[in-house]
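Quick notes on the structure that follows.
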Amino acid sequence: MKIAHIVRRFTFSEWGGTESVVWHIAKQQKNQGLIPEILCTAALDKVGTEVVDGIIIRRFPYFYPYFPMPAKDKLALDKKGGNPFVPALLKTLKNDNYDIFHIHAGGRIANCAIKLGKKISVHCIMSLHGGSCAIPEQEMELMLKPLKHKFSYGGIIDRLLKLRCSPESKADVLLALSKEEQKKLQERYPGRKVELFPNGILHRELPQIGDFYSKYNLFKDRKIILCISRIDYQKNQKILLEVLKKYVDTQLLLIGPVTAKWYCDEILEQAAKLNVSERLTVIPGLKPDSIELLQALKSAYCFILPSRHEPFGIAALEALDAEVPLIASAVGGLRDFLIDGKNALLFEDNNIASLLEAYEKVEFLRNDLIAGGKVTAREYNWQSIAERLTAIYRELKA
C-alpha cells in the first residue's frame with residue numbers, strides 16, 4: 001500500500017508537532033512493509049526530493065495569493081497559518097498511483113487533494129493537527145495578521161477551481177486529536193466518520209548531562225524550569241517569567257523554533273523589566289534528534305507547558321516519559337491524558353496565581369508525579385498508533 005502524507009511544510013530545521021507525527025508514523029509504516037511518502041511545500045526548505053531513512057520526501061514550489069507579499073510576511077505564513085496553492089504537488093498525486101491520501105494540512109492543500117481523490121477514486125483521511133475547531137479567536141487574529149492590508153486574489157482562483165467548501169466535510173475519515181475536537185467535529189459534520197486519534201512518543205533513554213550546563217550558562221545550584229515548544233503566543237511562555245520573579249533559585253530554559261519573533265522579543269523585554277534576564281536562557285530550536293534536548297530534560301527540575309490552546313501536547317508526554325514532573329495548563333487535548341495530582345499538576349489557563357500554586361506543589365508530589373507519568377507515557381507509543389492507522393486504511397480499501 002502506497003500512502004501520500006500531504007503536509008503544508010516538512011523541514012528538519014524547524015521541527016514541530018505535525019512534523020513529528022508525520023515522521024514517526026511514516027517510519028512505523030515503512031517497518032510494516034507499506035510505502036509512505038511525504039509531500040509538502042518547500043516552505044522553510046528548498047524545492048526538490050530527498051530520501052531520509054528510506055522515506056521519500058518531496059517538496060514543491062508554492063505561492064500565497066496575496067499582493068504585496070514581502071519576505072517577512074511570507075516567512076510568517078511559512079512558519080504558521082499559511083494557506084498556499086501548490087499545483088505541482090497535485091500533479092504528483094495524480095500520476096504516482098497512491099492508494100491513500102493522508103492529509104495533514106487544511107485549507108487549499110486539503111481541498112485540492114480531496115477533490116482530486118474523489119476524481120481518481122483515492123480515499124482521503126484528514127488529520128486535524130492544529131485543533132481547527134478549537135482555536136481561540138485572539139490566536140486566529142494574530143495568525144492572520146500578515147494578511148492585513150493586502151489584495152487577495154485567492155478567492156478568484158478558489159471559485160474557478162470550485163474549492164469554496166470545507167475540506168473536513170468531504171474527507172472519508174477525520175482524525176481528531178482530542179475528545180473536545182472530536183465532539184465539535186461530530187456536531188459540525190453530522191454523519192462524517194470522526195475517529196479519536198491521539199499522538200504518540202518514542203521512548204529515549206536520557207544521556208549524561210555532560211557539558212550542557214556550561215555550554216548554555218546554566219547554574220547547577222538553580223532549579224531549571226524547562227519548556228520545550230515553539231516560541232509562540234499560543235504557547236504562552238511569557239507567563240513563566242512570573243515564576244522566575246517570585247523564586248530566585250530558579251532558571252528558565254526555553255527551547256524551540258521561533259515562530260513569532262515579535263513574541264520572543266516581548267519575552268526578552270519583559271524579562272528585562274522584571275530584572276530576571278540573567279536567569280532566562282532561550283535556545284531557538286534544536287534538531288529533533290539532538291542529544292541536547294535529552295540533556296535538557298535530564299537537567300530539569302520540572303517541565304511547564306503553559307499553552308493557551310493545545311490540540312494534543314506531545315511535549316507534555318515526552319516530559320512524562322523522561323520522568324520530569326510536569327505542570328500544564330488545563331486546556332485542549334492535555335485534559336485527555338493529564339490528571340491533576342496524579343501524573344501532572346494542572347493550572348487554570350493564563351492564571352498566574354494558579355500557576356504559582358501548582359509550582360509550589362512540585363517538591364512535595366515529585367515522586368507521585370513521576371510514577372504516574374511513567375504509566376501514562378507507556379500508553380502512547382508510535383508502533384501501536386501506526387498499526388491502528390493502517391487498520392483504518394485497510395478498512396477504507398476493503
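The values are calculated or read from the model by the stated rules, or taken from the named source; none is laboratory data. Please read all numbers here as calculations on a predicted model, not as lab measurements. Because the Cβ atoms are built from the backbone with ideal geometry, glycine has one as well, and the counts that use them run over all protein chains shown.
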Select from region 214-238 the residues that are out of contact with any strand residue (DSSP E or B) (no Cβ under 9 Å at 6 or more places or on another chain) and either surrounded by fewer than 17 Cβ atoms within 10 Å (Cβ to Cβ) or not polar (S, T, N, Q) (or both) and list them in ascending order. S214, K215, K220, D221, Y233, K238
Provide a single number: the residues in region 148-201 that are among the charged types (D, E, K, R), in contact with a Phe, Trp or Tyr (Cβ under 7 Å, 6 or more places away or on another chain) and either within 11 Å of S127 (Cα to Cα) or modelled with pLDDT of 90 or more (or both). 1
Out of Y62, Y98, report the one residue that is under 18 Å from E14 (Cβ atoms), among the aromatic types (F, W, Y), crowded, with 21+ Cβ neighbours inside 10 Å and touching a strand residue (DSSP E or B) at 6+ places or on another chain (Cβ under 7 Å). Y62
Every residue in region 103-120 that is in contact (Cβ under 8 Å) with a residue 24 or more places away in the chain and not small (G, A, S), please. I103, H104, R108, I109, N111, C112, I114, K115, L116, K118, I120
What are the residues in region 371-398 that are hydrophobic (A, V, I, L, M, F, W, C), over 19 Å from M1 (Cβ atoms) and under 24 Å from the mean Cα position of the chain (by Cα), if any? V375, A377
Would you check if there is a residue in region 8-20 being assigned by TED's automatic domain parsing to the domain that holds G155, at pLDDT 95 or above and of a type in the set (V, I, T)? no
Is at least one residue of region 248-265 among the basic types (K, R) and touching an Asp or Glu at 6+ places or on another chain (Cβ under 9 Å)? no
Hey, could you check region 80-92 for residues that are within 25 Å of the chain's Cα centre (by Cα) and hydrophobic (A, V, I, L, M, F, W, C) and say which is nearest to G154 (Cα to Cα)? F85
Take the residues in region 269-287 that are part of a loop (DSSP other than H, G, I, E, B) and in contact (Cβ under 8 Å) with a residue 60 or more places away in the chain; name whichever of them is surrounded by the most Cβ atoms within 10 Å (Cβ to Cβ). G285
Conditions: (1) modelled with pLDDT under 95; (2) surrounded by fewer than 18 Cβ atoms within 10 Å (Cβ to Cβ); (3) under 25 Å from the mean Cα position of the chain (by Cα). F67 meets all but one. Number of the miss? (3)
Determine whether L305 is of a type in the set (A, V, I, L, M, F, W, C), under 29 Å from E181 (Cβ atoms) and touching a Cys at 6+ places or on another chain (Cβ under 8 Å). yes
From the list S20, S13, exactly one residue is at negative phi, in a loop (DSSP other than H, G, I, E, B) and of a type in the set (G, A, S). Which is it? S13
Return a yes/no flag: does region 45-52 have any residue that is surrounded by 18 or more Cβ atoms within 10 Å (Cβ to Cβ), in contact with a strand residue (DSSP E or B) (Cβ under 6 Å, 6 or more places away or on another chain), of a type in the set (A, V, I, L, M) and at pLDDT 95 or above. no
Kindly check whether there is at least one residue in region 44-56 that is assigned by TED's automatic domain parsing to the domain that holds C165, more than 30 Å from H203 (Cα to Cα) and in contact (Cβ under 8 Å) with a residue 24 or more places away in the chain. no
Checking D221 against (1) modelled with pLDDT under 95; (2) within 24 Å of the chain's Cα centre (by Cα); (3) of a type outside the set (G, A, S), the condition it does not meet: (2)
With respect to S178, is the statement that it is assigned by TED's automatic domain parsing to the domain that holds T390, touching a residue at least 24 places away in the same chain (Cβ under 8 Å) and of a type in the set (S, T, Y) true? yes
